[in-house]
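The next block holds one structure in the form of structure tokens; read it before the comments.
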């Protein structure tokens, strides 16, 4: 029996390992490079397509903001909500009072009535425009100029207070008055006779009905552009 020595076996095993490595390397060289061979079809900015060996760039579509037109309360024309150009401050309102500059207005607990009064904004604009004309005509350093400045700023604040009340509370107030008007109709309090007969709460319901009617009527009159309601030409700073 032929017996190989330990040294011979070790040498033979080493040769076998080297041969195996060589075979594996040859196999790897025969495998095609998939990444290099890949072809990508990419869209171009002008709507065409190009072919390239690199992945297509990721294009993130920018969303175009949608412009929404803010609805004016009662369908009032937006021109009534322009800011007076000579306004020196801004109006701030809650359910009890409004403030603008040095002007303060309290509602005496009646936000409903305050909202109805805010619909006299046409008169507020007329007062502002009149005071502006007087201010413009007064000498620059005169006492009259100073007085007209104060009048003009107060008139501008009155306009802005009306605007703010209408924006903030028109829906709330009209819904409350509508509910009370429906109850008045159910109880028969939507006519003056129960109030005249001093039936309890009849006058309160009738007041709600009449106030709602007044609000609706005054609001309709403001649905046309402001410049069409006044024969006075638009002022230079309000065009």
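Among the residues of segment 126-147, is any within 25 Å of the chain's Cα centre (by Cα) and at pLDDT 95 or above? Working first, answer last.
Of segment 126-147, the ones within 25 Å of the chain's Cα centre (by Cα) are none.
Checking segment 126-147: not a single residue is within 25 Å of the chain's Cα centre (by Cα) and at pLDDT 95 or above.
With the condition kept exactly as written, say whether any residue in segment 154-171 is over 25 Å from the mean Cα position of the chain (by Cα), surrounded by fewer than 22 Cβ atoms within 10 Å (Cβ to Cβ) and assigned to a helix (DSSP H, G or I). Yes - at least one qualifying residue is present in segment 154-171. Scanning segment 178-200 for residues that are in contact (Cβ under 8 Å) with a residue 12 or more places away in the chain and over 28 Å from residue 74 (Cβ atoms) yields a single hit, 194. Of everything in segment 101-137 that's in contact (Cβ under 8 Å) with a residue 60 or more places away in the chain and more than 19 Å from residue 226 (Cβ to Cβ), which residue is surrounded by the fewest Cβ atoms within 10 Å (Cβ to Cβ)? The extreme case among them is 113. Counting only residues that are in contact with a strand residue (DSSP E or B) (Cβ under 9 Å, 6 or more places away or on another chain) and at pLDDT 95 or above, segment 59-95 holds 3 of them.
Just need a number here: residues in segment 181-218 that are surrounded by 18 or more Cβ atoms within 10 Å (Cβ to Cβ) and under 24 Å from residue 120 (Cα atoms). Counting residues in segment 181-218 that are surrounded by 18 or more Cβ atoms within 10 Å (Cβ to Cβ) and under 24 Å from residue 120 (Cα atoms) gives 9. Taking segment 197-238 as the range and being assigned to a helix (DSSP H, G or I), farther than 19 Å from residue 165 by Cβ and modelled with pLDDT under 95 as the test, the residues that pass are 227, 228, 236, 237, 238.
The values are calculated or read from the model by the stated rules, or taken from the named source; none is laboratory data. No experiment lies behind these values; they were computed from the predicted model shown. Because the Cβ atoms are built from the backbone with ideal geometry, glycine has one as well, and the counts that use them run over all protein chains shown.
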